[in-house]
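Student: Pasting a structure below so you can have a look.
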Amino acid sequence: MTGADGYLTIHGLRHHYLQWGDVANDPVVFLHGLMNNGRYWEHIAKRFVDQYAVYAPDLRGHGESEHAPGGYLVWAFAMDLRGFVEEMDFEAFDLVAHSIGSRVAMSYARDHSHRLRHLVLADMGPQMAEQGARGIRKSTGGAQKAPGFASEAEALEYFRGQYPGQSDAFLHRQVGASLTLDEESGNLVFRFDPAIHQATGRGAIAEIPYLWESLEHITCPTLVIRAEKSKVLSKEIADQMVERLPKARLVEIADAGHQVPLHQPEEFSRVIREFLAE
């Protein structure tokens with residue numbers, strides 16, 4: 001389950017992606033959230049490879065994908081996804097997105113839902129509940145100043161807390177995908193571009209009306225997933241999303257917070273697999 005690495009140049013930026021499973025199978029693309037990378041999905045991918053070819057790109061400015069001088073507004077991410085789909089020559093595919101990845105998916109699906117068999121939007125809407133928005137802005141701002149990890153052992157302990165019960169080999173892959181050596185401090189620091197805080201700032205506020213209106217153009221079957229304990233996607237916003245989407249339903253996953261793929265991986269995978277099989 002280490003996955004195969006792939007690299008593409010899209011709009012002048014070098015992009016990295018991971019692929020698991022038989023490429024002859026139907027493709028499903030997983031989009032990660034802010035400050036994560038494609039490796040985030042490894043423990044989920046193993047639950048799909050019996051039936052699907054699983055792809056997980058690093059969004060611009062994350063993982064091994066290049067930092068983007070042009071910025072991190074949702075339209076730029078969506079254009080990258082369009083380029084990825086064209087380069088991979090997917091005629092039709094399933095798209096599963098979490099957190100900020102869901103905003104990217106909404107923007108992409110607005111004009112390209114004819115390519116999507118199914119769309120999953122996990123714990124993020126066109127706008128965030130205020131408490132969650134403050135938390136994400138604080139996280140991105142704090143991450144820019146974080147000293148990182150003084151040793152690989154310290155970093156492994158962090159990821160062991162994120163992915164309980166996983167093997168050391170799995171955790172080493174998370175460290176390699178997520179961290180890089182800062183020569184000035186000698187610490188292992190997160191790879192993502194510090195400028196990604198743009199994705200949660202004024203630009204993100206300006207995107208809210210566009211994303212709400214985008215929902216009305218998404219014609220493929222859509223599953224909205226809300227984590228029961230989410231501070232990011234309120235029940236009110238999730239219900240409004242289902243009302244605006246032409247073909248949508250809502251599933252709430254119990255005993256999970258915003259990082260629902262980490263908190264409840266079995267249930268998260270089960271509800272998605274059942275939806276994709278429809």
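The values are calculated or read from the model by the stated rules, or taken from the named source; none is laboratory data. As the structure is a computational prediction, the values presented were derived from the model and not from experiment. Cβ coordinates were reconstructed from backbone atoms using ideal geometry, including for glycine residues, and neighbour counts include every protein chain displayed.
Student: For the stretch 2-16, indicate whether the set of residues that are of a type in the set (Phe, Trp, Tyr) and either buried (at least 21 other Cβ atoms within 10 Å of the Cβ) or under 12 Å from the mean Cα position of the chain (by Cα) (or both) is non-empty.
Tutor: There is no residue in the stretch 2-16 that is of a type in the set (Phe, Trp, Tyr) and either buried (at least 21 other Cβ atoms within 10 Å of the Cβ) or under 12 Å from the mean Cα position of the chain (by Cα) (or both).
Student: Continuing with the same structure: Those residues that are over 17 Å from residue 67 (Cβ atoms) and basic (Lys, Arg), I need them from the stretch 178-207; list them, please.
Tutor: 202, the sole residue that qualifies.
Student: Here's a follow-up. Among 53, 105, 109, 68, which is the only one that is among the hydrophobic types (A, V, I, L, M, F, W, C), buried (at least 18 other Cβ atoms within 10 Å of the Cβ) and out of contact with any helix residue (DSSP H, G or I) (no Cβ under 9 Å at 6 or more places or on another chain)?
Tutor: 53
Student: Quick check on the stretch 193-238: of everything there that is among the acidic types (Asp, Glu) and surrounded by 14 or more Cβ atoms within 10 Å (Cβ to Cβ), which residue is modelled with the highest pLDDT?
Tutor: Only one residue fits best here, namely 228.
Student: Looking only at the stretch 8-40, which residues are within 14 Å of residue 83 (Cα to Cα), assigned to a strand (DSSP E or B) and free of Cβ contacts under 8 Å to residues at least 40 places away in the same chain?
Tutor: 9
Student: If you scan the stretch 38-75, which residues turn out to be more than 23 Å from residue 196 (Cα to Cα) and β-branched (Val, Ile, Thr)?
Tutor: 44, 49, 54
Student: Further question on the same structure: Considering only strands (runs of 3 or more DSSP E) fully contained in the stretch 183-278, which possess at least 3 residues that are over 18 Å from the mean Cα position of the chain (by Cα)?
Tutor: Strands (runs of 3 or more DSSP E) meeting the threshold: 248-253.
Student: Could you list, in sequence order, all residues of the stretch 158-182 that are over 23 Å from the mean Cα position of the chain (by Cα) and in a helix (DSSP H, G or I)?
Tutor: If the condition is that a residue be over 23 Å from the mean Cα position of the chain (by Cα) and in a helix (DSSP H, G or I), then 168 is the only one that fits.
Student: Tell me the residue from 207, 243, 236, 267 that is among the acidic types (Asp, Glu), in contact (Cβ under 8 Å) with a residue 12 or more places away in the chain and more than 14 Å from residue 120 (Cβ to Cβ), please.
Tutor: Exactly one residue qualifies, and that residue is 207.
Student: Same structure again: Can you name every residue in the stretch 30-54 that is over 22 Å from residue 162 (Cβ atoms) and either modelled with pLDDT under 95 or in contact with a strand residue (DSSP E or B) (Cβ under 6 Å, 6 or more places away or on another chain) (or both)?
Tutor: 52, 53
Student: Pick from 78, 105: which is out of contact with any Lys or Arg (no Cβ under 9 Å at 6 or more places or on another chain) and hydrophobic (A, V, I, L, M, F, W, C)?
Tutor: None of the others qualify; the one that does is 105.
Student: Sort out which residues of the stretch 154-190 are among the hydrophobic types (A, V, I, L, M, F, W, C) and exposed (fewer than 15 other Cβ atoms within 10 Å of the Cβ), and write them in order of number.
Tutor: Within the stretch 154-190, 169, 181 qualify.
Student: Within the bounds of the stretch 78-93, is there any residue that is crowded, with 18+ Cβ neighbours inside 10 Å and in a strand (DSSP E or B)?
Tutor: yes
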